[in-house]
């Protein structure tokens with residue numbers, strides 16, 4: 001959540017942020033009114049409680065005649081205090097409800113607009129000219145089936161659409177990617193983590209995934225657990241309700257977990273193959289830092305993602321994501337999009353988001369610097385979303401005979417294989 005002091009002192013900035021996101025601007029004024037009522041209700045309760053305590057001290061000293069009147073007044077005050085306490089709780093709950101609906105304040109440099117209004121910051125690698133090489137590229141599913149690596153048909157039979165099996169070299173390729181990604185993250189100073197896939201509501205709400213993103217979340221109603229769509233959720237909640245000494249920052253974790261997404265609103269979109277699926281595995285970087293270091297850490301996360309995609313020998317571009325596509329928690333987000341030959345365009349493989357103190361306030365994660373205690377900043381960055389990375393590798397490194405060249409960084413994790421060969425039918 002945002003800092004309420006910012007809302008009170010500069011509501012126009014919050015309104016501008018909401019407007020840039022394409023979100024409800026009236027929410028700002030509703031929250032301002034609720035905050036004022038919350039504070040006035042608190043003051044009223046404190047006044048009545050103080051009066052009640054003062055009256056309580058007078059009763060033992062009063063004459064019998066005075067005591068009767070004081071006891072009558074005490075009963076009235078007791079009812080008033082109870083009503084004021086209830087009003088205070090109601091006002092506090094209403095203000096909190098509205099505050100949780102408000103997105104993070106957008107960074108001033110973020111391009112304004114929707115999904116297609118991003119700005120390209122960098123382009124890396126060379127896009128292959130398959131025509132000049134004398135063959136038409138196959139898509140990842142055709143390649144994956146020929147390699148014995150992907151089985152969509154049985155995935156659909158067992159679990160429905162957008163589910164799949166990775167088999168043979170497909171399973172080995174996933175394990176190679178995960179191990180190589182964790183090795184890079186560990187070398188960069190991240191602590192590897194295997195995280196829970198089920199979390200309580202507070203963890204999901206605290207990271208900002210029960211607002212506009214809730215339609216894509218799987219909820220187990222009987223147990224009131226949520227399946228995570230990213231290990232960002234359990235990593236962000238790892239230190240909730242804790243105060244961390246500033247001298248221990250930054251804290252960096254690399255989480256590996258299964259991820260589950262309903263993909264609501266994507267009917268008919270990316271239905272072929274494993275690009276957009278309901279379940280996948282991912283290696284996620286997560287950082288807890290001093291707020292003063294948040295922007296620098298954001299740049300570092302992006303550099304680690306660029307290092308990874310460069311090691312995989314993939315052509316990609318870096319974009320500055322527009323305001324309407326940020327998600328509730330991020331103040332700024334950079335995506336790395338790899339070139340997908342058969343689609344003829346760049347598609348998202350990684351994201352790096354600066355959430356400032358937004359998640360930390362919701363999860364009560366704070367830092368102590370001397371006597372000062374304040375929310376710290378959290379950031380997250382995808383290092384390897386496995387299925388999409390497999391898509392990019394298969395399509396970009398395919399050879400005319402349907403085999404696929406293995407990037408050098410993965411060969412040690414694939415028993416030295418330099419090429420993945422089609423299996424005999």
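Condition check ((1) closer than 26 Å to residue 329 by Cβ; (2) out of contact with any strand residue (DSSP E or B) (no Cβ under 8 Å at 6 or more places or on another chain); (3) in a loop (DSSP other than H, G, I, E, B)) across all residues:
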| residue | (1), (2), (3) |
| --- | --- |
| 379 | yes, no, no |
| 383 | yes, no, no |
| 387 | yes, no, no |
| 391 | no, no, no |
| 394 | no, no, no |
| 402 | no, yes, yes |
| 409 | no, yes, no |
| 413 | no, yes, no |
| 416 | no, yes, yes |
Item to complete: Report yes if some residue within the stretch 194-207 is within 25 Å of residue 265 (Cα to Cα) and surrounded by fewer than 13 Cβ atoms within 10 Å (Cβ to Cβ); otherwise report no.
Response: yes
Fill in: Yes/no for residue 34 being at pLDDT 85 or above, outside any loop (DSSP other than H, G, I, E, B) and loosely packed, with under 13 Cβ neighbours inside 10 Å
no
Discussion item. Here are the criteria: (1) modelled with pLDDT under 95; (2) farther than 26 Å from residue 112 by Cα; (3) within 17 Å of the chain's Cα centre (by Cα). Tell me which single one residue 327 does not satisfy.
Written reply: (2)
Fill in: Selection count, the stretch 315-370, where residues are part of a loop (DSSP other than H, G, I, E, B) and in contact with a strand residue (DSSP E or B) (Cβ under 6 Å, 6 or more places away or on another chain)
8
Practice prompt. For the stretch 143-160, name all the residues that are in contact with a helix residue (DSSP H, G or I) (Cβ under 9 Å, 6 or more places away or on another chain) and in contact (Cβ under 8 Å) with a residue 60 or more places away in the chain.
Written response: 143, 144, 147, 148, 149, 150, 152
Worksheet item: Looking at 298, 219, which one is surrounded by fewer than 18 Cβ atoms within 10 Å (Cβ to Cβ) and either assigned to a helix (DSSP H, G or I) or without any contact (Cβ under 8 Å) to a residue 12 or more places away in the chain (or both)?
Response: 219
Fill in: Residue that is surrounded by the fewest Cβ atoms within 10 Å (Cβ to Cβ), among those in the stretch 126-141 that are touching a residue at least 60 places away in the same chain (Cβ under 8 Å) and not in a loop (DSSP other than H, G, I, E, B)
133
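The values are calculated or read from the model by the stated rules, or taken from the named source; none is laboratory data. Because the structure is a prediction, the values reported are computed rather than measured. A quick note on method: Cβ atoms are made from the backbone with ideal geometry, for glycine too, and the neighbour counts reach across all protein chains shown.
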